[in-house]
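Enquirer: Got a structure for you, questions after.
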Amino acid sequence: MNDLAILGGAPAIAEPFRPYASMGEAEEQAVVRVVRSGCLSGFYGSWEEGFLGGPEVQAFEAEWSERFDTTHTISVNSATSGLMAAVGAAGIGPGDEVIVPATTMSATAAAALVYGGIPVFADIDAETFCIDIGSVRANLSSRTRAIIAVNLFGQAAPLAELRALCDEYGIVLIEDNAQAPLATEDGQFCGTIGHIGVFSLNYHKHIHTGEGGMCTTDDDHLADRLRMIRNHAEAVVEDAGTQDLTNMLGFNLRLTELSAAVGRAQLASIDDHIGRRETFATALSAGVANLEGLRPPKVRPDCRHVYYVWAMRSDEDALGIARDTLVTALQAEGVPCFPAYVAPLYLLPMFRQRIAVGGDGFPFTLSDRHYGPGLCPVAEQLHAHEIIGIEPCAWAFDDAAAESIASAIAKVHAGREALANWQAGTAGRVA
Ligand SMILES: *Cc1c(COP(=O)(O)O)cnc(C)c1O
């Protein structure tokens, strides 16, 4: 049984998994309904009825508010747009600091820069991969104006604690909840614990509309500002009677009627789409629970994890092999896994060279924060040596998938001595 595929044996999983297919008849009918209506967008960029979009957009927002138990939902054309609008609505301006986790998708930090804000990177927690609250505290300064917490891989950051901290300092908590729809912390939905929550509806997420996003808030004032930034604020403020012009420079971040109609169908079946990922991930975690040197994802007590990424950690010393060798061997067995997630964001050229808006270093010239290797050691260690991820949203994993993947992992684990020898040989050849 222990002829590892990487050493010439038969792969444990012979048939490749198919991509997850989430579009069904309801989505098809939704598209037809909108096309037949002839109106593919109901938005007007002026202070009139069309300012809030057409019937599908408004119905989708109302249904989202109902499902996620929030007062306002403002749809946008991506989570990137939503994050940008949230930073604008929060009143961030040049030189204001926005604390973000080191490990996240780049848009989390880029959103701050659009308004001249300075991203300040907090390290992540080694168990949950989410922003570490101790590191957040250590990075607070008199210039901190907001925190963007990311509910990474589908699990809540320490949201209630962060919200309390923000309320104490009078700053805004934005949740980047792109990866965690229906995840909860103490019974409350992620995306509704901060002042503003931002969801993604891009093709790779749990439910999608191709491209799209949702902002949620219980705050009437922030909701108004989000709607203005979404839809040409500068042309609307006068008629709307808006007094405070801070960041009332608008964009076109509007969702189409087509996307909204598809989104309504996706939302109606969201429990199924998320339940499948959760069932798979829970079974896979149980399947690898007893393999020394591998740690399945840890779920915080009283939290629901929805597994945008199922991420285990490898202990290279205990296993005697490098994480990347393990991943190569797993891939050879047919396990659709990848090493690491994105590198800590402060390693991007934009931060290391301090060039973002214009070519002269704005807004970094307003700050003496530096970026470079060593800034967040936990994020760097996890990225370089520990995380092995599988994307339940990408694949059509059936009931047998968790078991076959777990046994492929167990096979490689059992063959780790042979793998270590192979690794030593490869290294020798390379050197
Ligand atoms: C996907 C993602 C985004 C961006 O979402 P888009 O809708 O593609 O703009 C932002 N943050 C995180 C954490 C994401 O996973």
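Enquirer: When you take every Cα atom in region 272-388, what is the radius of gyration, and what is Dmax, the widest Cα pair distance, in Å?
Expert: Cα only, region 272-388: 18.4, 54 Å (Rg, Dmax).
Enquirer: For region 4-159, what does the alpha-carbon gyration tensor say about shape, rounded, prolate or oblate, given a ≥ b ≥ c as the root eigenvalues, a/c under 1.5 as rounded, and a/b over b/c as prolate? Don't jump to the answer; show the numbers that get you there.
Expert: Details: a/c = 2.46, a/b = 1.04, b/c = 2.36.
Oblate shape, in that a/c is at least 1.5 and b/c is the bigger or equal ratio.
Enquirer: Continuing with this model, one more query. Across region 137-182, what fraction of all alpha-carbon pairs, as a whole percent, falls in each successive 10 Å bin from zero upward?
Expert: 28, 51, 20, 1
Enquirer: Okay, moving on. Helix 257-268 sits at what angle to the longest principal axis of the chain, using alpha carbons and giving 0 to 90 degrees rounded to 10?
Expert: 50
Enquirer: Shifting gears a bit: Quick check on region 320-416: what does the Kirkwood estimate of hydrodynamic radius come out to from the alpha carbon pairs, in Å? Show your work: numbers first, answer last.
Expert: Values: mean 1/r = 0.0616 Å⁻¹.
Answer for region 320-416: a Kirkwood hydrodynamic radius of 16.2 Å.
Enquirer: Ratio of alpha-carbon Rg to the 2.2 N^0.38 Å globular estimate for region 175-330, to two decimals, please.
Expert: Dividing the Cα radius of gyration by 2.2 N^0.38 Å gives 1.38.
Enquirer: Separate question: To the nearest Å, what is the center-to-center distance of region 14-89 and region 317-332, using C-alpha atoms only?
Expert: Between the Cα centres of region 14-89 and region 317-332 lies a distance of 42 Å.
Enquirer: Continuing with this model, one more query. Label-point separation (nm) for Phe362 and Asp315, each offset 7 Å from Cα along Cα-to-Cβ?
Expert: Each label point lies 7 Å from its Cα, and together they span 5.2 nm.
Enquirer: Tell me, what HN-Hα J-couplings in whole Hz come from the Karplus equation 6.51 cos²θ - 1.76 cosθ + 1.60 at θ = phi - 60° for each residue of region 170-186, using x for Gly and Pro?
Expert: Rounded to whole hertz, the list is x, 10, 9, 9, 9, 9, 7, 9, 4, 9, 9, x, 6, 5, 9, 10, 6.
Enquirer: Now a separate question. Set the Förster radius R0 to 25 Å, insert the Cβ-Cβ distance between Leu7 and Arg352 as r into 1/(1 + (r/R0)^6), and round the FRET efficiency to 0.05.
Expert: The computed FRET efficiency comes out at 0.05.
Enquirer: Would you grab the residues whose amide H sits under 5 Å from the one on Ile387? Only those 5+ places off in sequence or on another chain, please, with H modelled 1.01 Å from N.
Expert: Close amide H contacts, sequence-distant or interchain: Ser314, Ala340.
Enquirer: Post the alpha-carbon centroid distance, region 138-180 to region 248-298, in whole angstrom.
Expert: After rounding, the separation between the Cα centres reads 21 Å.
Enquirer: In 5 Å bins starting at 0, how do the alpha-carbon pair distances of region 337-376 split up by percent?
Expert: 5, 22, 26, 21, 11, 7, 4, 3, 0
Enquirer: Also, quick follow-up: Under unit Cβ charges (Lys, Arg +1; Asp, Glu -1), what dipole magnitude, rounded to 20 debye, does the chain have relative to its Cα centre?
Expert: That gives the chain a dipole magnitude of about 960 debye.
Enquirer: What ranking do Ser37, Ser141 get, fewest neighbouring Cβ atoms within 10 angstrom at the top?
Expert: In increasing order of surrounding Cβ atoms, one gets Ser141, Ser37.
Enquirer: Rank the residues Phe121, Phe129 as a footprinting-exposure proxy: fewest other Cβ atoms within 10 Å of their Cβ go first.
Expert: Phe121, Phe129
Enquirer: Starting from the Kirkwood Rh over alpha-carbon pairs, what translational D in µm² s⁻¹ does the chain have by Stokes-Einstein at 25 °C and 0.890 mPa s?
Expert: Translational D for this selection: 108 µm²/s.
Enquirer: Using a 7 Å offset from Cα along Cα-Cβ at Ser141, what residues in region 191-205 end up with backbone N under 20 Å from the label point?
Expert: Under 20 Å, as judged by backbone N against the label point of Ser141, lies no residue of region 191-205.
Enquirer: In what sequence do Leu348, Leu182 fall when counting other Cβ within 10 Å, fewest first?
Expert: Leu348, Leu182
Enquirer: Let me ask you something else. On a full-extension model of 0.36 nm per residue, what is the gain between Glu417 and Glu403, subtracting their alpha-carbon distance, rounded to one decimal in nm?
Expert: Full extension of this stretch gives 2.7 nm more.
Enquirer: Can you compute log10 of I(q)/I(0) for region 125-240 with the Debye formula, treating each Cα as one identical point scatterer, at q = 0.16, 0.21, 0.22, 0.24 Å⁻¹?
Expert: -0.80, -1.17, -1.23, -1.33
Enquirer: So, one more: Mind pulling the angle between the C-alpha long axis of helix 416-430 and the longest principal axis of the chain? Nearest 10 degrees, somewhere in 0 to 90.
Expert: The angle comes out at about 80 degrees.
Enquirer: Write out the GluC sites (Glu not before Pro) in region 1-61 meeting two conditions: DSSP loop, and at most 12 other Cβ atoms within 10 Å of their Cβ.
Expert: In loop regions of region 1-61 (DSSP not H, G, I, E or B), the sparsely surrounded GluC sites (Glu not before Pro) are Glu48.
Enquirer: Hey, could you grab the Kirkwood Rh for region 273-326? Inverse mean 1/r over distinct alpha carbon pairs, Å, one decimal. Kindly include the intermediate steps, with their values, before the conclusion.
Expert: Values: mean 1/r = 0.0816 Å⁻¹.
Roughly 12.3 Å, rounded to one decimal.
Enquirer: Identify, among Ser41, Ala26, Gly8, the residue whose Cα sits farthest towards the positive end of the charge dipole of region 1-87, taking +1 on the Cβ of Lys and Arg and -1 on the Cβ of Asp and Glu, with the dipole about the Cα centre.
Expert: Sorting the options by dipole projection puts first Gly8.
Enquirer: In the Gaussian network model of the chain, springs joining C-alpha atoms below 10 Å, which of Leu245, Leu113, Leu159 carries the largest mean-square fluctuation?
Expert: Leu245
Enquirer: Something else about it: Rounded, prolate or oblate: which fits region 60-107 when a ≥ b ≥ c are the square roots of the eigenvalues of the alpha-carbon gyration tensor, with rounded for a/c under 1.5 and prolate only if a/b beats b/c?
Expert: Note, shape of region 60-107 comes out prolate.
Enquirer: Would you grab the residues whose amide H sits under 5 Å from the one on Ala122? Only those 5+ places off in sequence or on another chain, please, with H modelled 1.01 Å from N.
Expert: Val100, Ala102
Enquirer: Note the full-extension length gain between Glu48 and Ala396 as 0.36 nm times their separation in residues minus their Cα-Cα distance, in nm to one decimal.
Expert: Length gained, Glu48 through Ala396: 120.8 nm.
Enquirer: Right, here's the next one. If one computes P(r) from the Cα atoms of region 250-300, what percent of pairs lie at distances over 13 Å?
Expert: Considering region 250-300, 72 percent of its Cα-Cα pairs are separated by more than 13 Å.
Enquirer: For a label point 7 Å from the Cα of Leu40 along Cα→C-beta, name the residues of region 180-208 whose backbone N is under 19 Å from it.
Expert: Residues 203 fall inside that zone.
Enquirer: Follow-up question, since we're still on this one. Which part of region 35-60 falls in the paramagnetic zone of Ala235, meaning amide N under 15 Å from the point 7 Å along Cα-to-beta-carbon?
Expert: 42-53
Enquirer: Determine Rg/Rh for region 182-224; Rg is computed over alpha-carbon atoms and Rh is the Kirkwood hydrodynamic estimate from the same atoms.
Expert: Rounded to two decimals, Rg/Rh equals 1.03.
Values in this text are rule-based calculations from the coordinates and carry no lab data. Worth saying up front: this structure is predicted, and the values here are computed from it rather than measured. All Cβ positions, even for glycine, are placed from backbone atoms using ideal geometry, and neighbour counts span all protein chains on display.
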